[in-house]
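A quick write-up on the structure given underneath.
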Amino acid sequence: SKRTKLKLEGGPGQVHKILKKNKVKEVIFAGQLKDQVFKNEFGFKSNFLDNTLRFNGAIFQTTYDDIQIVVQRGVSPSNENLAEAEINGVELELEVLPTDGLLVNATLGYLDAKYTQIDPAAAPLPTLPQAAGCQGRRSAV
């Protein structure tokens, strides 16, 4: 496993930048090739206005090689390395503390997940939502 992390701090608003690069290898079943997962992520964390406004975000890409997929061959299922896939995404997070005791927040995420190569014997990727978000507020009594 290889991991690189860069973090820069300082300046107005205390903005943090994070860059991660990972390479992970894993064996699931004996006799099969290794699944390989490559991850790249760039993100930031920031606080402004005397810590009453927080804005965080990340952009990421994950690439899978030699995905092990269960396929039906004859009367019994078997695991085989049949596919490659890529997931790209963005996440944003906003929190605002407009008054003491009231916190308002919102998040937004976007995913683009697809096989880049697949054997016809493999099943399709599970359905993943392309976009998701939420908002909320919390007050102290």
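The values are calculated or read from the model by the stated rules, or taken from the named source; none is laboratory data. All values reported here derive from a predicted model rather than from experimental measurement. For accessibility, only protein heavy atoms count, side chains too; no ligands or nucleic acids. Shrake-Rupley method; radii C 1.70, N 1.55, O 1.52, S 1.80 Å.
The table below gives the values:
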| read-out | value |
| --- | --- |
| Accessible area in the full protein assembly, largest first, 1.4 Å probe, for F60, F42, F48 | F42, F48, F60 |
| Solvent-accessible area, 1.4 Å probe, carbon plus sulfur percent, for the stretch 27-103 | 57 percent |
| Accessible area of L49 in the full protein assembly, 1.4 Å probe (Å², nearest 10) | 130 Å² |
| Eligible aspartates and glutamates near K114 by straight Cα distance, threshold 17 Å, same-chain separation 8 or greater | D35, D65, D66, E84, E86 |
